[in-house]
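Contents: one structure, followed by commentary.
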Amino acid sequence: MAAKEQDPGSLLSRLQSNLNDFYKLQATRNEPSAFDDPTAFSFSDWIPQVDIKENRRRFQFSLDVPGIDPKNLQVTLDNGLLAISGERSMEKTSGEESDRLRERAYGAFERRFRLPATADPAKVNAKCRHGVLTVTVGKQRAPKAEKISIE
């Protein structure tokens, strides 16, 4: 039996889905966020939507990640860069089924956010409930500027 060729319909469906995701992201934001890392989307198959809230004690990031096992999510904060990544696997279909329409995105994603100096790396908490990953980063006092005398 010859090697299985990719169905051109599925390639077009994936391209259409990726374009839809891109346009949805652009439509929800008029300008880039101060939190966004410019390279955040370079290795992502899809981009989960995020809401960012801030108060005097914390930053809160809420990402839509339905269908992802929390074990497949990673959250790191290193040198002021919050990285959230994961992967949603495609469901296997039986030999009797065929896809008629596939709009949900699958594969790996990574979102990165540059945090201000007030973010406290010792106060990071993440929980996933009902398909929403909530990452909370506590704040610390801003470092005081050091005065330097000029001779």
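Listing for the model above:
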read-out	value
For segment 61-73, 3J(HN,Hα) per residue [Karplus equation, 6.51 cos²θ - 1.76 cosθ + 1.60, θ = phi - 60°, Hz, x = Gly/Pro]	10, 10, 10, 7, 9, x, x, 9, 5, x, 5, 9, 10
Estimated inter-spin distance, residue 44 and residue 97, nm [label 7 Å along Cα→Cβ]	2.7
DSSP-loop GluC sites (Glu not before Pro) across segment 47-127, with at most 14 other Cβ within 10 angstrom	91, 96, 97, 103
In Hz, Karplus ³J(HN,Hα) per residue of segment 99-105 (6.51, -1.76, 1.60; θ = phi - 60°; x = Gly, Pro)	6, 9, 7, 9, 10, 6, 8
Order of 65, 132 - criterion: other Cβ atoms within 10 Å of each residue's Cβ, fewest first	132, 65
Extension reserve of the residue 55-residue 142 stretch, reckoned as 0.36 nm per residue once the Cα distance is removed	29.9 nm
Proportion of all alpha-carbon pairs of segment 78-147 beyond 14 Å (%)	73
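Read the figures in this text as sums done on the coordinates, not as results from a lab. The model shown is predicted, which means the values in this text are computed figures rather than measured ones. Because the Cβ atoms are built from the backbone with ideal geometry, glycine has one as well, and the counts that use them run over all protein chains shown.
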